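Accompanying notes for the structure given below.
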Amino acid sequence: MISPIEFLHALHHHGIDSYYGVPDSLLKSFGQALNEAPFVQHHHITPNEGIAISRAIGYYSATQKVPVVYMQNSGLGNAVNPLLSLADSQVYGVPMLIIVGWRGEMLATEQLADEPQHRKQGRVTTELIDVMGYPCLILDKNSDFRQVIDDSLQRAKQLQAPVFLVVRKGTFSACDSSRDVNRFDLSREHAIETVLQALPEDCISVATTGKAGREIFELRKTLNMPHNRDFLCVGGMGHASSIAAEIAHHKPDRSVVCFDGDGAVLMHLASLQHAASQPNLLHIVLNNCAHESVGGQRTQFDDLEAHALAQAFGYQHFAYVTDVDAIGREVDYFLTKPTSTLLIIGCKIGSRDDLGRPTISTQEQYAAFTEFVSSY
Ligand SMILES: Cc1ncc(C[n+]2csc(CCOP(=O)(O)OP(=O)(O)O)c2C)c(N)n1
């Protein structure tokens, strides 16, 4: 395996000191090393991958130094626009190194087993990069990483273009770092359970990407409730509220609840305007100040004035709660007086060690969900 600190040392040796990215579980120790390494000048976790690319373009424009961007392969879609329309050598020609965690990686023609949302993306990852016309090097635990870094940086500078480094699972060794904590006591799972128990049986739910959806799936089983009430955004991070709001718009007599994450809500923040215009939508942000599902890396959601945010986007009701009694009160208030609501629930970082994954196929789950939506 490659020590992420030594990897960063090798980049530092080439004068690289600025990093922009969205966390990925496969690059967890790389992200931790970025926070630990004293020679890393700038490390910014950005709300989405397109912003990471844009900030890298700004950095290069100001300093003429090559930046590094990192992301999970599911974030490539967010990155493609500023890459092709700005960084590309046919436009401004901005060199950068883009490190991509390869979920659903291909081993020759076989695919490593992974979740449904990673299968297509994993299969086409290197082809997507090829089709964009950027060099793509693969990094695994046996790579001569110093050589790979030398080659990729040389090509980025020579071509004045982005160069990709696609990283296989198990490439980086662990990195010692302090455990992330925040100021809240309530677990995300307990918060979700409290909401689920308060909802009527015809209420439609849409859940964000990551562990919140997995917790909902398990809680439905434990609480003896059917799974068909839930749309789980297993991928498409940041899009849960748009899906929920559009369902709410077309089902005005039904209550819809969206379980969002703080990282996810920041990723496509502009979608709040539409969500805020639906009187039958309860938009919940489970705020643990972190990207907990991929390793607990900080988000900047808590730096925002949430009440002002709710007001600016036009929610008719807002509350920020941190205990189960207050959650119960807010859900009851929404159900008795439907009004577009932004409910922030402060949760601690972490989840059960034995948290499972949905055991029903996405196709089966979706067929049951659409049937549930149309049946009342
Ligand atoms: C476009 C995209 N980028 C990155 C990811 C990887 N990813 C999955 S869950 C997650 C963190 C979500 O954070 P948050 O919404 O705060 O929820 P939490 O995990 O804290 O419950 C990330 C970055 C992804 N699935 N899609």
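Counting Lys and Arg as +1 and Asp and Glu as -1, what is the net charge of the other residues whose Cβ lies under 14 Å from the Cβ of residue 120? Kindly include the intermediate steps, with their values, before the conclusion.
On the way: positive: 103, 119, 123; negative: 105, 114, 115, 127.
My count for the surroundings of residue 120 gives -1.
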Percent accessible area from carbon and sulfur atoms, the stretch 4-167, protein chains only, probe 1.4 Å:
48
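Can you check how the C-alpha radius of gyration of the stretch 20-88 compares to 2.2 N^0.38 Å, as a plain ratio?
On the way: Rg = 12.0 Å, N = 69, 2.2 N^0.38 = 11.0 Å.
Ratio of Cα Rg to 2.2 N^0.38 Å: 1.09.
Just to make sure I understand: if all protein chains stay in place, what is the order of 284, 45 by accessible area at 1.4 Å, largest first?
On the way: 284 0, 45 40 Å².
Largest accessible area first, the list is 45, 284.
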Taking a 1.4 Å probe, which of 128, 343, 159 shows the most accessible area, and what order do the others take after it?
159, 128, 343
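Whole number in Å², please: accessible area per residue of the chain, 1.4 Å probe, ligands, DNA and RNA not counted.
Working: 16520 Å² over 376 residues.
In whole numbers, the chain has 44 Å² accessible per residue.
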Counting only DSSP beta bridges fully inside the stretch 192-307, the antiparallel percentage to nearest 5 is 15
Cα-based Rg / Dmax (Å) for the chain:
21.4, 64
Provide the gained length on full extension for the span residue 374 to residue 119, in nm with one decimal, where the gain is 0.36 nm per separating residue minus the Cα-Cα distance.
88.9 nm
Can you give the Rg to Rh ratio for the stretch 229-376, taking only C-alpha atoms and Rh from Kirkwood?
0.95
Descending semi-axes in whole angstrom, ellipsoid equivalent of the stretch 88-146, from the Cα gyration tensor:
24, 16, 9
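Kirkwood hydrodynamic radius for the stretch 4-167: how many Å is it when counted over pairs of different Cα atoms?
Radius from the Kirkwood sum: 15.7 Å.
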Probe 1.4 Å, all chains present, heavy atoms only: residue 190 accessible area in Å², nearest 10, is 80
Determine the order of 126, 341 by accessible area, beginning with the largest, at a probe radius of 1.4 Å.
126, 341
If I build a Gaussian network model for the chain, linking alpha-carbon pairs within less than 10 angstrom, which residue out of 62, 156, 319 has the largest mean-square fluctuation?
62
Sequence-distant residues sharing a close amide H with residue 257 (under 5 Å, placed H)
204, 205, 206, 282
Before anything else, pin down the relative contact order of the chain: Cα pairs under 8 Å, at least 6 apart, normalised by residue count, whole percent.
16
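The values are calculated or read from the model by the stated rules, or taken from the named source; none is laboratory data. This is a predicted model, so every value here is computed, not measured. Note: ideal-geometry Cβ built from the backbone for every residue, glycine included; neighbour counts use all protein chains shown. Surface areas here come from the heavy atoms of the whole protein model, side chains and all, with no ligands, DNA or RNA. Shrake-Rupley method; radii C 1.70, N 1.55, O 1.52, S 1.80 Å.
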